[in-house]
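Structure, as structure tokens:
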Amino acid sequence: MAADHHGPAKGIGRWLFTTNHKDIGTMYLWFSFTMFIVGGLFALVIRTELFQPGLQFVKPEFFNQMTTMHGLVMVFGAIMPAWVGLANWMIPLMIGAPDMALPRMNNWSFWILPFAFAMLVATLFSEAGAPNFGWTFYAPLSTAYAPSSVTFFIFGVHLMGMSSIMGAINVIATIINMRAPGMTYMKMPMFVWTWLITAFLLIAVMPVLAGVVTMMLFDIHFGTSFFSAAGGGDPVLFQHVFWFFGHPEVYIMILPAFGVISEVLPTFARKPLFGYTSMVYATASIAFLSFIVWAHHMFTVGMPIAGELFFMYATMLIAVPTGVKVFNWVTTMFRGSLSFETPMLFAIAFIVLFTIGGFSGIMLAMAPLDFQYHDTYFVVAHFHYVLVQGALFSIYCGVYYWLPKWTGHMYDETLSKAHFWLTFIGVNLAFFPMHFVGLAGMPRRIPDYALQFADFNMLSSIGAYVTGFSQLIFLYVVIRCIRGGRPATDRVWEASHGLEWSVPSPAPYHTFAIPPQVR
Amino acid sequence: MRAPDPNRPTVLWTCAAAVAMFGFGFALVPLYDVLCDVMGIGRDTITAPVDRSGGEIDAARTVRVQFVATNDGTMPWEFRPERFELRVHPGASNGTRFHVRNPAPRTMTAQAIPSVSPAEAAPYFHKTECFCFGQQTLGSGESLDMPLQFIVDAALPEKISTITLSYTLFDVTARVAAR
């Protein structure tokens, strides 16, 4: 067979031309971490300016560029590529496939990304400055009043959208066509299930994002009036189209997290996952509901009362399948033989903190209350709880869980626990006070604020620094784990389950050349 | 002989779905207007006079109609309603004027875009003559009184006692020149 005839190629060519899912997964993860550091530096500029009231370090115009770039880089550059990286590494291993279904396209979908983000980040050095209209780029701020760098932003979004769609097609083709014999859909690991559903969301909404930025491009350069009232268009239309993409997008970032947690908890609770079938249906329900709730982001645009009520109740409905998941996780741990290795710490922290983010989400879902919360720091607190303590924590959870399988070495348990605790303290210190200043009326996206918010903002900034610098521990732990350490067994964890633990550690360059038989 | 590649149909339908969703994004533009009309969410973008009577004149009922005139962005024109409020009977035809003056040292063209609040009242607010149906071109220093004729429909829901008609004036000089 051709499968085991060679290892990786030598030199840079290995990475440029590789079609190996493990290489591509690794590149995605390193790219994502790089973007995470870049986006984190933007966040630290924001928090430095907000350390005290008044304008100290940056001009308001530059502050706006920082909030915009922080959001764009973290959403599209850090969280999403991290999930694609984990999908590349783990899906073939978990379903017993030799590689992804479309390896050449896989290479392409990765290598588009560095160019997309180079184009986006390069605008910081242009005369016009980077995009400054917020990551939600509402028209007409992003059309009639945009800096000229908006065109770079639009092409950047087009490129990352293409990359995501190709990645999603690849995941769907892999899962549908390349499962090992005997692995029926209802035997697939939860991470594979959640990624399959995520891939459908990506295919459904990334083209809509491409459409909305294309409309912006036409309004800016070709005299159309999609979003210009003067020519018969409507700026509110932008918000509808954007959030039709934007709401499923938040589930694109969190559904794979549900999958990772559902893999990790049973291992460290030494019990099978409670309610597998209900987990699958809950995930699918959340994905479906995500398409009919988008206008809860825009309760204040002047919707009729019937619209407000519909979107309010539909949004609250999402709490039901999400609750099913949380209760299933808690029940999985109930009376289990728990041990608290780093992945488990991240998983438990995820459940607690993500649920807090879910509760603040329910508060925001109430249309009459949303008029008070809209565009305040309460919203910022909410989405950081679900995206940092939610998505990011579960990415760390997954990385620590599978790192010994990737490198063949155990990571340093002491240092990784230090990373966990410092991050845990840092993010809560950074984001919990934001609830209070938001409820008290501090608006988001401003470089200065009223004096009564000073103490909480200082705490947030200190938390942001603690979080930011703790991530260097993670970098050190990973590099040390790649270079050496206690050898990992094939199973790695005492109660690990699934096909990925049946291959040696480190996972050989080619695995499952002969498909395993699943009972 | 090789078995047919199972990935081929998968790739075809996923690509087709992506292309269809790109199209759907654009279809949202006309769909948005249609849905607003169907659900009676009155976006007041009617660009032609309504040829409809407002029903029997209801002299027993009085509705306040307030007028707001706003300039968009850098539009330099003076723009204000002749009267800020009218008290009208549903079903009756009413008239007022808006005053504009172009203080800029060049000829400019303007387009007024109306909006009715509360949105629920928009389907009951019939403009029979409006300067917003066309554009206005004024030379430097020229001024103009622009007419508005409207009927508040007698079927206006009882709970609505005040209607606000707001105009935003846009500078469309460049847009007209490009045409």
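What does the extension gain come out to for A:Leu41 and A:His221, with contour length at 0.36 nm per residue minus their alpha carbon separation?
This chain segment gains 61.5 nm when fully extended.
List, in order, the whole-Hz ³J(HN,Hα) value for each residue of the range A:158-169 obtained from phi through the Karplus relation with A = 6.51, B = -1.76, C = 1.60 and θ = phi - 60°; use x for Gly and Pro.
Result, rounded to whole Hz: 4, 5, 5, x, 4, 4, 5, 5, 5, x, 5, 4.
Accessible area of the protein assembly as shown with a 1.4 Å probe: how many percent of it is carbon plus sulfur?
67 percent
With a 1.4 Å probe and all protein chains left in place, how much accessible area per residue does the protein assembly as shown have, in Å²?
41 Å²
Helix A:319-333 against the longest principal axis of chain A: what's the angle in degrees, Cα atoms only, rounded to the nearest 10?
Taking the Cα atoms of chain A, the angle to A:319-333 is about 40 degrees.
Note the buried accessible area between A and B here, summed over both chains, with a 1.4 Å probe, in Å² to the nearest 100.
About 2300 Å² of accessible surface is lost on pairing.
Tell me, which residues of the range A:173-209 get at least 30 Å² less accessible area when the other protein chains come in, versus the chain alone (1.4 Å probe)?
A:Asn177, A:Ile203, A:Pro207, A:Val208
In debye to the nearest 20, how big a dipole does chain A give about its Cα centre with +1 on each Lys and Arg Cβ and -1 on each Asp and Glu Cβ?
Value, rounded to 20: 1300 debye.
Starting from the amide H of B:Ile163, placed 1.01 Å from N in the peptide plane, find each other amide H under 5 Å away whose residue is 5 or more places distant or on another chain.
Correct list: B:Arg64, B:Val65, B:Gln66.
Cα axis of helix B:7-38 to longest principal axis of chain B: angle in degrees, 0 to 90, nearest 10?
The angle comes out at about 10 degrees.
Relative contact order, percent, of chain A when contacts are C-alpha pairs under 8 Å separated by at least 6 residues?
18 percent
How do A:Lys10, A:Lys417, B:Lys159, A:Lys405 rank by accessible surface area computed with a 1.4 Å probe, from largest to smallest?
A:Lys10, B:Lys159, A:Lys417, A:Lys405
When a/c is below 1.5 the answer is rounded, else prolate if a/b is larger than b/c, else oblate, so apply that to the range A:294-413 with a ≥ b ≥ c taken from the square roots of the Cα gyration tensor eigenvalues.
It comes out prolate by the Cα gyration axes.
Give the shape of chain B as rounded, prolate or oblate, defined through the alpha-carbon gyration tensor: a ≥ b ≥ c are the square roots of its eigenvalues, a/c under 1.5 means rounded, and otherwise the shape is prolate if a/b is larger than b/c and oblate if not.
oblate
Per-residue HN-Hα couplings for the range A:238-254, Karplus 6.51 cos²θ - 1.76 cosθ + 1.60 at θ = phi - 60°, whole Hz, x for Gly and Pro?
Values, residue by residue: 4, 4, 5, 5, 4, 6, 4, 6, x, 6, x, 4, 5, 6, 4, 7, 10 Hz.
Rounded, prolate or oblate, given the Cα gyration tensor of the protein assembly as shown, with a/c below 1.5 counting as rounded?
Taking the square roots of the gyration eigenvalues as a ≥ b ≥ c, the protein assembly as shown is prolate.
Could you state the angle between the C-alpha long axis of helix A:21-49 and the longest principal axis of the C-alpha atoms of chain A, as a value from 0 to 90 degrees rounded to the nearest 10?
Tilt of helix A:21-49: around 30 degrees.
How much length is gained on full extension from B:Ala177 to B:Thr137, taking 0.36 nm per residue of separation minus their Cα-Cα distance?
Full extension from B:Ala177 to B:Thr137 adds 13.2 nm.
Using alpha carbons only, how many angstrom separate the centre of the range A:190-250 from the centre of the range A:376-429?
30 Å
What is the distance in Å between the Cα centres of the range B:52-96 and the range B:1-40?
If you average the Cα positions of each part, the centres end up 45 Å apart.
Please give me, ordered by residue number, the chymotrypsin sites (Phe, Trp or Tyr not before Pro) of the range A:1-61 that lie in loop per DSSP and have at most 15 other Cβ atoms within 10 Å.
Qualifying residues, ordered by number: A:Phe57.
The values are calculated or read from the model by the stated rules, or taken from the named source; none is laboratory data. The shown structure was predicted, so the numbers you read here are calculated from the model rather than taken from an experiment. Neighbour counts run over all protein chains shown; Cβ positions are idealised from the backbone, glycine included. Please note that ligands, DNA and RNA were not included when accessible areas were found on the heavy atoms of the full protein model with its side chains. Shrake-Rupley method; radii C 1.70, N 1.55, O 1.52, S 1.80 Å.
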